[in-house]
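The values are calculated or read from the model by the stated rules, or taken from the named source; none is laboratory data. Note that this is a predicted model, so its numbers are computed, not measured. Positions of Cβ are backbone-derived with ideal geometry, glycine not excepted, and every protein chain shown enters the neighbour counts.
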Amino acid sequence: MRLALSATALTALLAGSVTVYGQAPPARGRSSAPTAQGRKAPAKAAPAEKIGPNRYRLGAVTADLGSREVSVAGTVNADLTTLEFIANTEGGAKAYESAITAATDAATFNAALLLIGLDPSHARVPVRHFDAAPPKGDAVEIWVEFQIGPAKKRVRAEELLFDERTKLPLANGSWVYTGSTFSAGRLMADTDGVLIGFVHSPAPLIETTGKGAVSAYGSVVFNKRLGLPPHSPVTLIVKAVGPAAAK
């Protein structure tokens, strides 16, 4: 299933003619123009361009099918208060609740995740905000790289999150690909402009399975101990850690 899904996604992206989503697509007959209710049909993912053996570029996103990694540049958000998300899309409405903004849209980032073999058929998507039941899906690791002076650092995404109750970064958790879900014919990750969350929300493409971050809601802020001021450049990396697809 994973291998077929990746091949289908790749063919579509190289053609640059279809939208690639992780869940069932919206109903047929929708155009790219706003509907009578003012809603727009989902945006298409950026076409894939081959840039090396097993490596593809989709807009600002790079997908390495060999290492099964997706990477994209981003920046630390400003004026952060309570956090609910690791990363939002470019221009995403939830930037004030997200640690970083990634230089991509949800459809393109999702297409890259499909290319490295993540399979939405394995997912259990949260059905509400703060869903008590943990999400399920293909396992991933999330890393953030950045420069501090002459030193290049690489930290787990959890280290971006600081729990003011414990005065410590959140403990390392487990992340899974859920693929988001559809509402009113649009992918919620696209509508809400979020890519990675940690409060068991249906919108992000990736969520945490742990309950610790959910119970810590209201106390989680950006970890200033990392020494990253607002607008600092970072690179967001998602790595698939499950078994590779059979050949």
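Quick notes
- Within segment 149-177, considering residues that are in contact (Cβ under 8 Å) with a residue 24 or more places away in the chain, in contact with a helix residue (DSSP H, G or I) (Cβ under 9 Å, 6 or more places away or on another chain) and assigned to a loop (DSSP other than H, G, I, E, B), the one surrounded by the most Cβ atoms within 10 Å (Cβ to Cβ): Leu170
- Checked against the criterion of being touching an Asp or Glu at 6+ places or on another chain (Cβ under 6 Å), farther than 30 Å from Arg55 by Cβ and either surrounded by fewer than 20 Cβ atoms within 10 Å (Cβ to Cβ) or touching a residue at least 12 places away in the same chain (Cβ under 8 Å) (or both), segment 97-111 contains one or more residues that satisfy it.
- Some residue of segment 180-193 being surrounded by fewer than 19 Cβ atoms within 10 Å (Cβ to Cβ), in contact (Cβ under 8 Å) with a residue 40 or more places away in the chain and touching a Gly at 6+ places or on another chain (Cβ under 8 Å): no
- Which numbered condition Phe146 misses (of (1) surrounded by 23 or more Cβ atoms within 10 Å (Cβ to Cβ); (2) at pLDDT 95 or above; (3) touching a strand residue (DSSP E or B) at 6+ places or on another chain (Cβ under 6 Å); (4) not acidic (Asp, Glu)): (1)
- Flag for Val72 being of a type outside the set (Ser, Thr, Tyr), modelled with pLDDT of 95 or more, under 14 Å from Leu205 (Cα atoms) and part of a strand (DSSP E or B): no
- Checked across segment 127-138, the condition of being in contact (Cβ under 8 Å) with a residue 40 or more places away in the chain, in a strand (DSSP E or B), among the acidic types (Asp, Glu) and more than 30 Å from Lys224 (Cβ to Cβ) holds for at least one residue.
- Taking segment 78-96 as the range and being in a strand (DSSP E or B) and free of Cβ contacts under 8 Å to residues at least 60 places away in the same chain as the test, no residue passes.
- Yes/no for Val194 being modelled with pLDDT of 95 or more, over 17 Å from Leu228 (Cβ atoms) and out of contact with any His (no Cβ under 8 Å at 6 or more places or on another chain): yes
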